[in-house]
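Before I ask anything, let me first share the structure, which is written out below as structure tokens.
The values are calculated or read from the model by the stated rules, or taken from the named source; none is laboratory data. This one's a predicted model, so the numbers in the text were calculated from it and none came from an experiment. Cβ atoms come from the backbone with ideal geometry, glycine included; neighbour counts cover every protein chain shown. Just so you know, the surface numbers come from the protein's heavy atoms only, side chains and all, with ligands and any DNA or RNA stripped out. Shrake-Rupley method; radii C 1.70, N 1.55, O 1.52, S 1.80 Å.
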Amino acid sequence: MRAATVKALNLAVEGEGNEMFEVIRKIWKTGVVTHKLPLREASQRYRGKLDIQPHKCKNCGACVAACPAGAINVAQKGQGQELSIAYTKCIFCGLCASVCKVQAVQMTNDYHLATKNKNDLIQVVRMPQ
Amino acid sequence: MLKNKKLFLTRIKQQLGEKILSFTIRQPNETEIVVKKDQLAEVCRFLCQEKEGRLFTMVGSDEREFAGSFVLYYVFSFDETQQFITVKTMTPEEDSTFPSLAAEFPALNWYEREVKDLLGLRPQGHPDLRPLILHGDWPEEIHPLRKEFDVSQNAPRVKSRESFMQYEGDEVTEIPVGPIHAGIIEPGHFRFGAVGDTVLYLDARLFFTHRGLEKASEGMPLSKALFLAERICGVCALSHAVSFAQAVEAAAAVEIPLRAKYLRTLFLELERLYNHIGDVGNICAGFGFAVGVSQGTILREELLMLNERIAGHRYLRGIVDLGGVRFDIAHPDYADILSTLNKIEIGFTELVDILLSHDIAVDRMSKTGILTLKQANDLEVVGVAARASGRNIDIRRDQPYAAYDKVSFTVPVYTEGDVLARIRVRIDEVFQSISIIRQIFIQMPTGDVSVGLPPISPYARGMGWVESSKGETVHWLMTGPNETVERYRVRSATYSNWPAVALAVPGNIVPDFPLINKSFELCYACCDR
Ligand code: SF4
Ligand code: SF4
């Protein structure tokens, strides 16, 4: 193994091996490819946070039943209903959106989830009477 | 072909004669042979040695509730005739032992130890009965895959029974590495016995990320278990999802629409591409070749961004549905994929040219970490590692699934078995994948992308398999009442290949371990489950 290494170094020194030159040319050609913050918007099909439109909801419970992570809940609160989504559990599979017949739940491409307060990750929507 | 298959099966039936209790053709490609425990060794020997079957997976299952005993399934693949033969044997609770075949078929070593850990069935005559899946501090008499084990139960921890190779004399230095490593990699504990800087022996302790996914899936509706399957591993998410879906579809005996088959093939090849290209770059990190690493990363990132644009997920989750795929793609997507691939092809060719004409790089890779063909065959190694050691298997060609029987591709095979051969297999496969994707767009049929599943009867069985970027991944499934999971066994490519790493390392210098390890590129999560 060592012998070949020595040979390669000799070749490079003598100018016969152009592999170093190739490497440097490649680095030069590539330039800078990293992106500056803030990052661009995620692609349109990206499955991020949910958009819930309470006035459309028929309270059928299909989304709650379909959710593989148990992230959606509908609860009786006083006179009305509350629909809550826990992003701490959600796996962004999009099943809720695909089973909702009236498009009351839809996926958006918003991926901003970082927070210092876990409660920010629970989204509660009150459904009108 | 059809006649061949029939002849092949009739021959086997005749030759086994009295040794078997029953012989049933369960599916067009699967036959079940039931044997008594004491005939197990002879029947397996016959299938492997005389009929050239290879061990595909082995499953232990607790069927006391509905069949009155524990059951072991040994599945063999016969690539030539595209058949599977399952050898099934029962073991009652009173006599919870089974004959070990590990000394004769080294590939069974882990499977048998796993059955012992998780189901409490003792393989009699096994040469190494150390705990495997459950680490030594787990009580010996608690077996999580027995039905009476309650997942919410907290097992008490006991004094560890872990043991490692003992060395005598002071020439051998023991070097423990991990389970927590520098860098963001998964946990595994490696213990080298080294003489000078040459490795004499490697003890690899895995299963730190054993999450009990198979247990967790029991009783889960199939539609939800799909999401569990998708999360077994990060970089083979799609391979696992497709394997699981195929297992369910086999149990339900449904055929998915042709377009869905093509779409699955497309995404599976995109998964292979980002993995292989990333791996070629990563191997360069094994000898400090920074340009290779960064070029590999740039190309991989291009592919991940493409995945996000097309499928909404960089690691291709959320694509597969039971009975097809969840969404369709259209012409602008075709154009996006093809133009990205054109760019990738140019960039990757340049990277490969630089890498393979770099004497120092080639020097570090060649003759390093050799896995011989004999070792690869004995351990039933799969995937890239198998093909680099001259073991000519690729489940896409040998037992085609999705649309792999509709596209043409070659399977690169090298015989050197070293790091260089493994990187070469990946390089060749990248170009094959690009070619497969181009063929897909030429052939892409129109039509639906999903069919509904009919009701699935309880205790139906199905198997799904995918050649992931690491090698073949097999999901074995038995359904329960009301379309739930009764028993689910995941045998990932890494499960078959990890034991081979421990054989490829001895004789090399310690600093070459990261390079050898990277050339196998095995993940821990899907091995540990
Ligand atoms: S996206 Fe999936 S996990 Fe999240 S709330 Fe909807 S169904 Fe549940
Ligand atoms: S959001 Fe849609 S699926 Fe969920 S309860 Fe309302 S109407 Fe039903």
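Which residues, taken from the range A:83-102, are more than 9 Å from chain B (Cβ to nearest Cβ) and open to solvent by 40 Å² or more (accessible area, probe 1.4 Å)?
Result: A:THR88, A:LYS89, A:VAL99, A:LYS101, A:VAL102.
Six or more apart or on different chains, Cβ atoms under 8 Å: show the pairs whose first residue is in the range B:1-30 and open to solvent by 100 Å² or more (accessible area, probe 1.4 Å) and whose second is part of a helix (DSSP H, G or I).
Within 8 Å, the pairs are B:ILE25/B:LEU9.
Here is a yes/no grid of residues against (1) at pLDDT 95 or above; (2) under 27 Å from the mean Cα position of the chain (by Cα); (3) not in a loop (DSSP other than H, G, I, E, B):
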position: B:ASP328; (1), (2), (3): no, no, no
position: B:LEU351; (1), (2), (3): no, no, yes
position: B:LEU355; (1), (2), (3): no, no, yes
position: B:ALA361; (1), (2), (3): no, no, yes
position: B:GLY369; (1), (2), (3): no, yes, no
position: B:GLU380; (1), (2), (3): no, yes, no
position: B:ILE393; (1), (2), (3): no, yes, no
position: B:ARG397; (1), (2), (3): no, yes, yes
position: B:PRO400; (1), (2), (3): no, yes, no
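Continuing with this model, one more query. With respect to the numbered conditions (1) near ligand 2 (Cβ under 9 Å from one of its atoms); (2) within 14 Å of chain B (Cβ to nearest Cβ); (3) closer than 22 Å to B:GLY312 by Cβ, which one is the sole condition not fulfilled by A:ASP110?
(1)
In addition: When both residues are 6+ apart or on different chains and their Cβ atoms are under 7 Å apart, which pairs have a first residue that lies in the range B:289-311 and is open to solvent by 20 Å² or more (accessible area, probe 1.4 Å), and a second that is acidic (Asp, Glu)?
Once the first residue is open to solvent by 20 Å² or more (accessible area, probe 1.4 Å) and sits in the range B:289-311, its partners that are acidic (Asp, Glu) give B:ARG309/B:ASP336.
Of B:LEU226, B:LEU306, B:LEU299, B:LEU273, which residue is away from chain A (no Cβ under 14 Å) and assigned to a helix (DSSP H, G or I)?
After ruling out the rest, the residue left standing is B:LEU273.
Considering only residues that are open to solvent by less than 50 Å² (accessible area, probe 1.4 Å) and more than 12 Å from chain A (Cβ to nearest Cβ), which ones fall in the range B:339-351?
Within the range B:339-351, B:THR340, B:LEU341, B:ILE344, B:PHE348 meet the criteria.
Being open to solvent by 50 Å² or more (accessible area, probe 1.4 Å), of a type in the set (D, E, K, R) and more than 30 Å from B:ALA335 (Cα to Cα): is that true of B:ARG387 here?
no
A follow-up question, please. Give me the helices (runs of 4 or more DSSP H) completely within the range A:17-118, filtered to those with at least 1 residues that are within 16 Å of ligand 1 (Cβ to nearest atom), ordered by residue number.
A:62-66, A:95-99
State which residue pairs qualify: first residue of a type in the set (A, V, I, L, M) and inside the range A:30-55, second residue at pLDDT below 85 and not in a loop (DSSP other than H, G, I, E, B) in any location, beta carbons under 7 Å apart, and separation of 6 or more residues or different chains.
Listed pairs, sorted by first residue: A:ILE52/A:LEU83; A:ILE52/A:VAL125.
Return yes or no: is B:GLY136 open to solvent by 50 Å² or more (accessible area, probe 1.4 Å) and touching a Ser or Thr at 6+ places or on another chain (Cβ under 9 Å)?
Spelling it out, it is not the case that B:GLY136 is open to solvent by 50 Å² or more (accessible area, probe 1.4 Å) and touching a Ser or Thr at 6+ places or on another chain (Cβ under 9 Å).
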